[in-house]
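Each remark here refers to the structure printed beneath this line.
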Amino acid sequence: MKKKEIKSEIIIHSTPQIIWEHLTNFESYKEWNPFILSFTGNLAEQERVWVKIKPYDSKPMNFNPTILKVEPYKEIRWLGRLLIKGLFDGNII
């Protein structure tokens, strides 16, 4: 079976440093990101973090992804799982 993938891209006219400041200021997420309600934990590779999300028109959900990669000013990547390993895995970049 072929793996399904969803991709999205947007061009932001700002510097990587300013974008990084916003993406790593987890306390301010509730001000600009209605999908991620909270994010706590240490932003470091192989660390587990606690994330509360609220998909549109749905109940909030908690999950505990593992940080796979942190490259300042460039990339944050995590792997989260829902229910059965491999069935609903999410790799967020």
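Couple of notes before you dig in:
- Measuring against 24 Å, Cα to Cα, the residue pairs LYS7/LYS69; LYS4/LYS54; LYS3/LYS59; LYS7/LYS54; LYS2/LYS54 contain LYS3/LYS59; LYS2/LYS54 as the ones spanning a longer distance.
- Per-peptide average of other Cβ atoms within 10 Å, ordering 10-22, 47-59 highest first: 47-59, 10-22
- Neighbour net charge for HIS22 - beta-carbon separation under 14 angstrom, K R +1, D E -1: -2
- The distance linking region 15-44 with region 45-61 is 13 Å (Cα centroid to Cα centroid, whole angstrom).
Bear in mind these aren't lab numbers, they're just calculated from the coordinates by the rules spelled out. Remember, predicted model here, so these are calculated numbers, not experimental data. When we count neighbours, we look across all protein chains shown, and the Cβ atoms used for this are built from the backbone with ideal geometry, even at glycine.
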